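The values are calculated or read from the model by the stated rules, or taken from the named source; none is laboratory data. As the structure is a computational prediction, the values presented were derived from the model and not from experiment. A quick note on method: Cβ atoms are made from the backbone with ideal geometry, for glycine too, and the neighbour counts reach across all protein chains shown.
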Amino acid sequence: MLNKIHHIAIICSDYELSKNFYVKVLGLEIIKETFREERSSFKLDLSLNGNYIIELFSFPNPPKRPSRPEATGLRHIAFEVENLDAVIAHLKANKVDVEPIRIDEFTNKRFTFIADPDDLPIEFYER
């Protein structure tokens with residue numbers, strides 16, 4: 001019935017700040033950027049390794065996320081990485097706060113979390 005996840009939609013409060021974060025800091029590639037005048041909104045399509053993955057939206061005055069990270073709905077986005085230490089070094093070099101490394105009690109794999117400019121939790125999980 002289902003093939004794969006097509007994309008993840010994220011609504012940001014500061015479009016340029018979030019665009020910079022997802023493109024320059026995380027390294028996602030811009031597929032297409034559209035300004036939707038009727039909504040006074042940007043839509044930025046982003047890919048990871050050639051795969052369409054995120055739609056970044058801006059809307060005038062979006063409501064705040066109720067709480068972090070245990071609000072109903074999407075809990076976090078997780079990216080698989082080859083070398084967690086290298087990712088952490090890159091993030092810190094870009095002035096991103098990184099939580100301490102944790103160990104998954106079921107897989108014994110290492111992972112950590114950061115927050116995007118709107119405090120959306122993002123996980124990096126070592127392969």
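The figures follow:
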{"read-out": "Matching residues, the range 91-109, being surrounded by fewer than 16 Cβ atoms within 10 Å (Cβ to Cβ) and in contact (Cβ under 8 Å) with a residue 24 or more places away in the chain", "value": "Asn94"}
{"read-out": "Residue within the range 54-77 that is more than 23 Å from Lys19 (Cβ to Cβ), among the charged types (D, E, K, R) and touching a Ser or Thr at 6+ places or on another chain (Cβ under 7 Å) present", "value": "no"}
{"read-out": "Verdict on Leu17 being under 13 Å from the mean Cα position of the chain (by Cα), loosely packed, with under 14 Cβ neighbours inside 10 Å and within 21 Å of Asp118 (Cα to Cα)", "value": "yes"}
{"read-out": "Qualifying residue in the range 69-85 (condition: surrounded by 17 or more Cβ atoms within 10 Å (Cβ to Cβ), outside the structural domain of Asp14 (by TED's automatic domain parsing) and touching a helix residue (DSSP H, G or I) at 6+ places or on another chain (Cβ under 9 Å))", "value": "yes"}
{"read-out": "Residue identified as in a strand (DSSP E or B) and without any contact (Cβ under 8 Å) to a residue 24 or more places away in the chain among Lys32, Lys4", "value": "Lys32"}
{"read-out": "Hits in the range 7-29 - residues which are at pLDDT 95 or above and in a strand (DSSP E or B)", "value": "Glu29"}
